[in-house]
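What follows is one structure encoded as structure tokens, with my remarks underneath.
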Amino acid sequence: MIETVDVTEAAAVTVPTSVVSGWEVAVLDGGPAAGLRMRVCDRPRVIQVTYPCRLAAGSPDGVRAEAVYLYRRDYTVTGGPLRYGYDIASP
């Protein structure tokens with residue numbers, strides 16, 4: 001399962017530093033969403049972050065483009081928060 005986070009909205013979210021009801025705090029390391037904190041459930045292996053791209057004037061109605069960035073879980077981190085590193089080789 002891939003978690004998707006829209007960084008335009010998520011950057012304003014405050015996340016507690018403790019584990020709440022099975023959810024854990026995770027922080028993204030590197031890339032365009034470096035330092036972004038979020039809550040994740042079930043320790044996903046990959047988190048997908050999307051960022052909307054501006055389209056040129058005259059683009060067809062309903063068309064949108066998004067930049068996609070992948071962050072992979074760092075299994076060497078044993079304490080909280082979970083850490084996800086930017087995968088520069090992904091899309």
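Key figures
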{"read-out": "Selection within segment 32-49 - in contact with a helix residue (DSSP H, G or I) (Cβ under 9 Å, 6 or more places away or on another chain), outside any strand (DSSP E or B) and either closer than 22 Å to GLY22 by Cβ or open to solvent by 50 Å² or more (accessible area, probe 1.4 Å) (or both)", "value": "PRO32, LEU36"}
{"read-out": "Considering residues of segment 50-91 that are assigned to a loop (DSSP other than H, G, I, E, B) and among the hydrophobic types (A, V, I, L, M, F, W, C) only, the residue farthest from the chain's Cα centre (by Cα)", "value": "ALA57"}
{"read-out": "All positions within segment 63-91 that are of a type in the set (Phe, Trp, Tyr) and free of Cβ contacts under 8 Å to residues at least 24 places away in the same chain", "value": "TYR75"}
{"read-out": "Close pairs from segment 41-62: first over 30 Å from VAL25 (Cβ atoms), partner outside any loop (DSSP other than H, G, I, E, B), Cβ under 8 Å, at least 6 apart", "value": "LEU55/ALA65"}
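The values are calculated or read from the model by the stated rules, or taken from the named source; none is laboratory data. Nothing here was measured: the structure is a model prediction, and the numbers come from that model. A quick note on method: Cβ atoms are made from the backbone with ideal geometry, for glycine too, and the neighbour counts reach across all protein chains shown. SASA here: full protein model, heavy atoms, side chains in, ligands and nucleic acids out. Shrake-Rupley method; radii C 1.70, N 1.55, O 1.52, S 1.80 Å.
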